[in-house]
Amino acid sequence: MYNLRRFKGFYVGVAMFTMLSSFSYAQPTLKDSPYPADDRVYEHLNVLASVDNARVTGFEGEHKAADYIAQQFEDYDLIIDRQEFPVTAFLDEGSKLIIDSLDGKEIETKNFTYTPATPSEGISADIVFANLGSEEDFTNIDVKGKIALIKRGAYTFYDKVQNAAKAGAIGVIIFNNSEGMISGTLGQISDIPALAIMQEDGEALKAILDKGELIKVCMKIDTQVKDSYSENVIGTLYAQKNARNAKTVIIGAHMDCVDTPGANDNCSGVTGLLELARASQMLKLNYNVKFVAFGAEEIGLVGSQKYVESLSQEEKDNIACMINMDMIGVGETLGIMTATDNSNTYMADLAEKCTKELGYNYDRSVEDRSDHTSFDTVGIPSVHFDYHIDQNYHTDEDSIDKIDSMNVLNVYSVVLNMLRDLEKEMPTDQKDKVIKTMKSFNRFDLGNKSKNGEFYIK
Ligand code: BES
Ligand code: ZN
């Protein structure tokens, strides 16, 4: 009995000590702290990346993603600006070329970007060799109602296809003039469907035609192509003081994807962007931050180019730097990259310093295949983060289950610390006066994670 009471007293003592210590080291709650939670990263991923073709440029998924991001920015009290621009939307679901005259043999194919689809049963017709597909090449042959077989070279894919269409062809097959498959774009919607095949297959078909034999094929192209629009969603967090004279920092991530769920490419970057937009609120920065979800990256960095083009010289001069996140959810080593070997390295150097401080694996290299390149081109110091090539890049396997939220949150930590450092360097007025507003804001390190998913400083 006596022993038990002593034991009880001991436990009560421990409990009280725990309560007291947990008061003195109280963790910030998720909603009002700059600390992110990985369940929120997965929440964004579940909304934006849980189906195939989740956010293909110019289609419904991208528009919905834009709405979601704008809503989140609004919830974080940012000022929203949606910058729309026209795009040709294209979705590629594959193609088939069946050679009826060769017992239904199938030849490997690849669709040209922006080819219209065939009816679902395909188009069946004889093929006619039309050399390189110039206007002249069609003068001596009859392709009316037939499919033109054309060799790659000398003219654009689009011109070859349009010449065939003008001559009355109903479809085009272009074969390569070197090893491997053609990965080509028409640049715009053509009047008739067109696909690519390999050189050896094209030459084999031509050899049969040269013997005077007929070849009947069935060509099936499953695509969606239409004139549409994309947009950049911009959320602005104005400087605490003197916002009119304050410099602007751009943080960006593209929201569109190819015909995949696009979890890593690039919902990962978007989740980083959303979490940074939420947390930056609390930093009381002396510069403006524009959080930009770029559209139409996958069709040639179009959104970021439109954004840069839309800026006046004064606005461009006022942008201090750009931070880009693209594919930050999968991989071991954080790549800190500039667009070219000759780029301004100011931001990459700062990123390296902040990454080193936090002890994360990283390397430095060059990458130009994302939106920071549009800013680098006009002389804005830019840095790009990605965890390097992902084996599921641009495949249907780029799904949420592959994402490690810690990767996203590591980049988040690095960027927050970069913002802290920029704060010290960016004057709020012309007199180069540095105002330190981040008294309580020290340093983030998400290396530790508590059981309930909250993060805290190491
Ligand atoms: N995130 C990728 C680029 C990338 C892939 C960077 C793998 C690092 C590793 C980006 O979204 C993309 O696919 N870009 C296009 C280029 C663009 C100019 C159309 C690409 O690389 O095909
Ligand atoms: Zn990407």
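Residue by residue through the range 332-359, note down the ones that are within 16 Å of ligand 2 (Cβ to nearest atom) and over 26 Å from Tyr287 (Cα atoms).
Leu334, Gly335
Kindly establish whether Ser190 is crowded, with 19+ Cβ neighbours inside 10 Å, assigned to a loop (DSSP other than H, G, I, E, B) and modelled with pLDDT of 95 or more.
Yes; evaluated as a whole, the condition is true for this residue.
For Ala277, work out the one condition from (1) under 29 Å from the mean Cα position of the chain (by Cα); (2) away from ligand 1 (no atom under 16 Å from the Cβ); (3) outside the structural domain of Ala65 (by TED's automatic domain parsing) it doesn't fulfil.
Going through the list (1) under 29 Å from the mean Cα position of the chain (by Cα); (2) away from ligand 1 (no atom under 16 Å from the Cβ); (3) outside the structural domain of Ala65 (by TED's automatic domain parsing), Ala277 breaks only (3).
What is the residue count in the range 348-367 for residues that are within 16 Å of ligand 1 (Cβ to nearest atom) and of a type in the set (Ser, Thr, Tyr)?
2
Which one is surrounded by the fewest Cβ atoms within 10 Å (Cβ to Cβ), of the residues in the range 366-384 that are within 16 Å of ligand 2 (Cβ to nearest atom) and small (Gly, Ala, Ser)?
By that ranking, first place goes to Ser374.
Scan the range 222-271 residue by residue and report those that are assigned to a helix (DSSP H, G or I) and of a type in the set (Ser, Thr, Tyr).
If the condition is that a residue be assigned to a helix (DSSP H, G or I) and of a type in the set (Ser, Thr, Tyr), then Ser268, Thr271 are the ones that fit.
Taking into account only those residues within the range 280-293 that are within 15 Å of Asp75 (Cβ to Cβ) and modelled with pLDDT of 95 or more, which is farthest from ligand 1 (Cβ to nearest atom)?
My answer is Phe291.
Identify, please: which residue in the range 81-110 is without any contact (Cβ under 8 Å) to a residue 24 or more places away in the chain and among the acidic types (Asp, Glu) and is, among those, surrounded by the fewest Cβ atoms within 10 Å (Cβ to Cβ)?
By that ranking, first place goes to Asp103.
Please report, ordered by residue number, the strands (runs of 3 or more DSSP E) entirely within the range 56-171 with at least 3 residues that are not assigned by TED's automatic domain parsing to the domain that holds Ile189. Working first, answer last.
Numbers: elements: 79-99, 105-107, 123-129, 147-151.
Hits in the range 56-171: 79-99.
Yes or no: the range 368-384 includes at least one residue that is more than 10 Å from ligand 1 (Cβ to nearest atom) and of a type in the set (Phe, Trp, Tyr).
yes
Can you tell me which residue within the range 204-254, out of those that are closer than 19 Å to Ala194 by Cα and touching a Gly at 6+ places or on another chain (Cβ under 7 Å), is surrounded by the fewest Cβ atoms within 10 Å (Cβ to Cβ)?
Asp222
What do you reckon, is Glu179 free of Cβ contacts under 8 Å to residues at least 24 places away in the same chain and outside any loop (DSSP other than H, G, I, E, B)?
No.
Tally time: how many residues in the range 282-308 are outside any helix (DSSP H, G or I) and of a type outside the set (D, E, K, R)?
Total satisfying the criteria: 14.
When residues of the range 92-113 are filtered for being closer than 19 Å to Phe157 by Cβ and aliphatic (A, V, I, L, M), how many remain?
So the count comes out to 2.
Please state which of the following conditions Gly300 fails to meet, knowing it meets all the rest: (1) touching a residue at least 60 places away in the same chain (Cβ under 8 Å); (2) within 12 Å of ligand 1 (Cβ to nearest atom).
(1)
Of all the residues that make up the range 218-271, how many are more than 16 Å from ligand 2 (Cβ to nearest atom), under 21 Å from Ala351 (Cα atoms) and not β-branched (Val, Ile, Thr)?
Adding up the residues that qualify gives 1.
Please find, among Asn392, Asn342, the residue that is among the polar types (S, T, N, Q), within 16 Å of ligand 1 (Cβ to nearest atom) and either part of a loop (DSSP other than H, G, I, E, B) or not assigned by TED's automatic domain parsing to the domain that holds Val249 (or both).
Result of the check over Asn392, Asn342: Asn392.
Looking only at the range 309-331, which residues are among the aliphatic types (A, V, I, L, M), part of a loop (DSSP other than H, G, I, E, B) and more than 14 Å from ligand 2 (Cβ to nearest atom)? Walk me through it before giving the result.
Pass one, the range 309-331, residues among the aliphatic types (A, V, I, L, M): 311, 319-320, 322-323, 325, 327-328, 330.
Pick out the ones that are also part of a loop (DSSP other than H, G, I, E, B) and you get 311, 327-328, 330.
Matches in the range 309-331: Leu311 only.
The values are calculated or read from the model by the stated rules, or taken from the named source; none is laboratory data. Being a predicted model, the structure only gives us computed values, none of them experimental. Here Cβ is always computed from backbone atoms with ideal geometry, including for glycine, and neighbour counts include all displayed protein chains.
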